[in-house]
Amino acid sequence: MSSEEFEKLHEIYNSLYEELRLIPEKAPRCHGEEKKRLQRTFDERHGEAEEVLQGMDAELRTAPAAYRSAMSTKLRLHRRDLGKLQREMASSELGIGSSARPTEGDHQGIYSSQNQQSTYLQSQRALLLQGQASLTSASQSIERSQRIATETDQIGSEIIEELGGQREQLDRTRNRLVNTGEHLSKSRKVLRAMSRRLMTNKLLLAIIILMELGVLGAVVYLKFFR
């Protein structure tokens, strides 16, 4: 079957049906308060079975089309059997005929067997309900995990986009630094050329001064010492 939840509900229904099926058989032997208690028990279990069938019907609507036919047939049979039990309960003659009343020893034996079977069915139903609750809890945990994974993926995408923007900014900054380095290199070359020219001009100036001093010295020598 395609739906595990449908199968869980199916098991719960079978447990309820087995308990309901015994009630019309016990009904003719009950009297007074016991008859009322039996009717209340039937009504309660019948209501629970109806709720389970409604849950199965909800699962049927969301099941894949390939499985709906078998699931629909099973659900229709369950509704038919449940309706048949309700008609049997309604048409049963409760408390008519003293010959139908069992002796006290038979009464205790019947009640003991019925109580044991009812206890077993209730324990099975409790286990099935517990399994259904565990399955629901696991489904909710999976949904939460999927939601967290989706949020994490979204946050990761946003971080990647932000890192991409920061990378573009770093690339632009690096390009500006490269251009600045090139300008600095050109400036250093210009400064070195200017420094060489300055040194050359100083050297030429020193040579000119020395030549002038030499000429001046020669003139003084020739004028005053000869």
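The values are calculated or read from the model by the stated rules, or taken from the named source; none is laboratory data. Model, not experiment: these values are computed from the prediction. Heads up, the Cβs are rebuilt from the backbone with ideal geometry, glycines too, and the neighbour counts pull from every protein chain shown. Keep in mind that these areas ignore ligands, DNA and RNA; they rest on the heavy atoms of the full protein, side chains included. Shrake-Rupley method; radii C 1.70, N 1.55, O 1.52, S 1.80 Å.
Could you tell me whether any residue of the stretch 37-52 is in contact with a Leu (Cβ under 9 Å, 6 or more places away or on another chain) and not in a helix (DSSP H, G or I)? So far as the stretch 37-52 goes, no, none of its residues is in contact with a Leu (Cβ under 9 Å, 6 or more places away or on another chain) and not in a helix (DSSP H, G or I).
Annotation: of all residues in the stretch 12-58 being open to solvent by 50 Å² or more (accessible area, probe 1.4 Å) and of a type in the set (Asp, Glu), the one that is nearest to Arg76 (Cα to Cα) is Glu50.
So, Ala65, is that one within 29 Å of Leu9 (Cα to Cα), open to solvent by less than 90 Å² (accessible area, probe 1.4 Å) and modelled with pLDDT under 85 or not? When the stated conditions are applied, Ala65 passes them. Of the residues examined, Thr136 is not one that is farther than 30 Å from Glu59 by Cα and of a type in the set (Ser, Thr, Tyr). The residue that is farthest from Arg80 (Cα to Cα), among those in the stretch 1-11 that are open to solvent by 70 Å² or more (accessible area, probe 1.4 Å) and assigned to a helix (DSSP H, G or I), is Glu4.
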